Amino acid sequence: MAGKKKKHWYDYLWIWTIIYFVLGFFNILFAWLGMIDFILPLIFAIVGGNKWFCNHMCGRGQLFWVLGRNMKCSRRKQAPKWISSKWFRYGFLTFFLTMFGTMVFQTYLVFSGAESLRKAIKLFWTFKVPWQWAYNGSIFPDWVAQFSFGFYSLMLTSTLIGLIVMALYKERTWCSFCPMGTMTQGICKIKNRSGK
Amino acid sequence: MKKAVNYLDRCVACGVCAGQCPREAISIYKGCYAVVDVSKCVGCGICEKACPAGSIRVEEVHDGR
């Protein structure tokens with residue numbers, strides 16, 4: 001192959017990742033758009049039996065590549081082996097899904113009226129960051145906003161973890177233990193086994 | 001001859017190697033792992049440098065395999 005490969009529209013989805021976080025900074029309800037990044041890879045895996053999303057469309061992975069490789073923000077050193085080991089990948093997936101479940105439960109508490117809406121972001125599931133400017137009420141009930149704050153926290157936390165491992169190790173080290181990646185690869189492996 | 005070899009047990013099928021390969025010699029097999037087309041691979045090692053899991057390596061491969 002001489003010269004550079006042809007660029008497709010989906011090669012620029014890293015811009016979407018940035019837009020997503022900017023939108024959520026101004027209005028937290030935009031956090032819901034992140035569900036696209038949750039549902040699309042699963043549809044690809046369940047219906048198509050492939051990881052086309054990871055391979056071509058993941059804006060986060062692309063962002064790590066742009067920052068790590070093109071902008072030289074990565075040490076580009078091999079990460080320790082345990083990071084891509086099965087027990088860590090599935091352990092991290094379990095942890096992630098548990099945290100997702102907790103977040104959905106928190107949404108339910110606001111829905112049922114047991115708790116009131118908290119206009120804050122939680123980073124690394126620990127540090128509370130005030131974020132009240134991003135929500136001044138809307139036509140939607142409070143639980144919609146509660147989910148937004150929770151989901152945005154999850155997206156921001158995982159991106160920060162990804163950025164840390166990008167800087168320390170290879171550009172897309174996040175991909176080697178990304179919960180979505182683990183889940184979709186698991187689905188593909190099951191599908192591939194039973195399909196034949 | 002040097003060729004890229006993928007150690008399947010570590011491969012996360014992220015597709016970074018396939019995207020970087022200048023000869024389009026790597027594909028992701030049904031979302032499970034990366035497969036190297038040995039006839040296209042020139043052993044440049046670009047995939048090895050990109051692979052976040054360290055599963056793909058350029059090694060001396062004896063003919064036939």
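The figures follow:
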| quantity | calculated |
| --- | --- |
| Within a Gaussian network of chain A (alpha carbon springs, distance under 10 Å), most fluctuating of A:124, A:64, A:21 | A:124 |
| Residue A:77 versus residue A:6: modelled label distance in nm, points set 7 Å from Cα along the beta carbon direction | 4.1 nm |
| Residues with amide H under 5 Å from that of residue B:2, placed H, sequence gap 5 or more | B:61 |
| Nearest-20 debye value, segment B:2-60 charge dipole, Cβ charges on Lys, Arg, Asp, Glu | 60 debye |
| Segment B:11-46 and segment A:4-49: distance between their alpha carbon centers, rounded to Å | 24 Å |
| Order of A:56, A:8 under a 10 Å beta carbon neighbour criterion, fewest first | A:8, A:56 |
| Local electrostatic count, residue A:110, Cβ distance below 9 Å [Lys/Arg +1, Asp/Glu -1] | -1 |
| Amide H contacts of residue B:58 (H built 1.01 Å from N, under 5 Å, at least 5 apart or other chain) | B:5 |
| A:157, A:173 arranged by Cβ crowding within 10 Å, fewest neighbours leading | A:157, A:173 |
| Simple label model, 7 Å out from Cα along Cβ direction - residue A:167 to residue A:32, nm | 3.4 nm |
| Amide H partners (placed H, <5 Å) of residue B:45, local residues excluded | none |
| Cysteines in the protein assembly as shown lacking a second Cys C-beta under 4.7 Å | A:54, A:58, A:73, A:178, A:188, B:11, B:21, B:32, B:41, B:44, B:51 |
| Whole-Hz couplings from phi, Karplus 6.51/-1.76/1.60, listed for segment A:18-25; x for Gly and Pro | 5, 4, 4, 5, 5, 4, x, 6 |
| Rg/Rg_ref, segment A:9-194, where Rg_ref = 2.2 N^0.38 Å and atoms are Cα | 1.07 |
| Set of aspartates and glutamates near residue A:86 by C-alpha distance (under 13 Å), chain-local residues within fewer than 8 positions excluded | B:9 |
| Of A:191/B:3; A:7/B:2; A:170/B:2; A:72/B:2; A:170/B:40; A:81/A:170, pairs whose Cα-Cα distance is over 19 Å | A:191/B:3; A:7/B:2; A:170/B:2; A:72/B:2; A:170/B:40 |
| Nearest-20 debye value, the protein assembly as shown charge dipole, Cβ charges on Lys, Arg, Asp, Glu | 800 debye |
| Cβ-based charge dipole, the protein assembly as shown, positive-most Cα from A:49, A:35, A:126 | A:49 |
| Theoretical ellipticity at 222 nm over chain A - DSSP helices of four or more residues, -39500 (n - 2.57) apiece, nearest 500 | -17000 deg cm²/dmol |
| FRET efficiency for residue A:85 and residue A:116, using Cβ-Cβ distance with R0 set to 51 Å, rounded to 0.05 | 0.75 |
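Rule-based calculations on the coordinates, nothing more; no lab input. Since the model is a prediction, treat every value here as computed from it, not as a measurement. All Cβ positions, glycine included, derive from the backbone under ideal geometry; neighbour counts span all protein chains shown.
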